[in-house]
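Beneath this line is the structure, given in structure tokens, with notes to follow.
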Amino acid sequence: MLLELAQYLAKDIRAFNVFGYITLRAVLACLTALTISMLAGPLVIRKLTAYKIGQSVRNDGPQSHLSKAGTPTMGGALVLLSMLVSTLLWADLENRFVWVVLVVTFGFGAVGWVDDYRKVVYRNPKGLSAGAKFFWQSFIGLLAALYLAFAVSVPTSEKLFSLFTDWLASGLPLDLPSQADLMVPFFKNMAYPLGVWGFILLTYFVIVGTSNAVNLTDGLDGLAIMPAV
């Protein structure tokens, strides 16, 4: 939103062109999210404590962590709120990849909310079953991977559908353009073509694997912020 305003003002005041730099907007977005968290955090914690929305500690963890039972949970809602507001304020909302990130993030956030809800309401420290959690994570991850496999290869969403239909018509062996190749860090000209299936598989593992890396750590004592950082 603010980017569009800055672009409008830049027609008369050139100084506003500085907001066109993604690095500046990324820093401002982080500061915005931090400010929202610091201002809203104490209120959210007080409300969660008042409603007795506390963490149920898993019984397969260290005994020392049992003292953390009752720690306010569902704090992820504050993280998601901060992220949503700062993204809507500072991101280029015409960039379709921004919306992919938001959909995936809030999709996984919904899975986490159901997990926390079951822990709070039913006092079940295991929350949502591992199978159900993995199913919905995989569903969201595969949808995102499938979309991205074709979205990175075309400049607009209008051409994405035609590329997808061409892939189906070809019997599914279609190669993707070089934009979808796996770039090797620190080597400017080294890239490996993944093809549609390779791209989808790698993207799926990155999304679902990263989510579970934090989730498994968080499940021990309810503190996920350091893995998140």
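Can you pull out every residue in the stretch 192-213 that is open to solvent by less than 50 Å² (accessible area, probe 1.4 Å) and either at pLDDT 80 or above or out of contact with any Asp or Glu (no Cβ under 7 Å at 6 or more places or on another chain) (or both)? Quick ask: steps written out before the conclusion?
The first filter runs over the stretch 192-213 and keeps only residues open to solvent by less than 50 Å² (accessible area, probe 1.4 Å), leaving 195-196, 198-200, 203-204, 207-209, 211-212.
Across the stretch 192-213, the qualifying residues are VAL196, GLY198, PHE199, ILE200, THR203, TYR204, ILE207, VAL208, GLY209, SER211, ASN212.
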The stretch 17-36, residues that are at pLDDT 90 or above and open to solvent by less than 80 Å² (accessible area, probe 1.4 Å): LEU24, ARG25, ALA26, LEU28, ALA29, THR32, ALA33, THR35, ILE36
Meets criteria (small (Gly, Ala, Ser) and exposed (fewer than 14 other Cβ atoms within 10 Å of the Cβ)) for ALA130: yes
Count - residues of the stretch 140-185 that are at pLDDT below 80, closer than 20 Å to VAL98 by Cα, of a type in the set (A, V, I, L, M, F, W, C) and open to solvent by less than 30 Å² (accessible area, probe 1.4 Å): 3
The stretch 94-127, subset among the aromatic types (Phe, Trp, Tyr) and in a helix (DSSP H, G or I), residue surrounded by the most Cβ atoms within 10 Å (Cβ to Cβ): PHE108
Of all residues making up the stretch 1-16, the number that are surrounded by 12 or more Cβ atoms within 10 Å (Cβ to Cβ) and farther than 18 Å from ASN95 by Cα: 3
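Going by the conditions given, is LYS47 more than 10 Å from SER86 (Cβ to Cβ), open to solvent by 100 Å² or more (accessible area, probe 1.4 Å), not polar (S, T, N, Q) and not in a helix (DSSP H, G or I)? Even if it seems obvious, please write down each step before you answer.
Working: more than 10 Å from SER86 (Cβ to Cβ): yes; open to solvent by 100 Å² or more (accessible area, probe 1.4 Å): yes; not polar (S, T, N, Q): yes; not in a helix (DSSP H, G or I): no.
Answer is no for this residue.
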From LEU93, LEU78, residue being under 30 Å from LEU142 (Cα atoms), touching a Ser or Thr at 6+ places or on another chain (Cβ under 7 Å), at pLDDT below 90 and among the aliphatic types (A, V, I, L, M): LEU78
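The values are calculated or read from the model by the stated rules, or taken from the named source; none is laboratory data. Model, not experiment: these values are computed from the prediction. Note that each Cβ is placed from the backbone with ideal geometry, even for glycine, and that neighbours are counted across all protein chains shown. When the accessible area is computed, the model is the full protein with side chains, heavy atoms only, and any ligands, DNA or RNA have been set aside. Shrake-Rupley method; radii C 1.70, N 1.55, O 1.52, S 1.80 Å.
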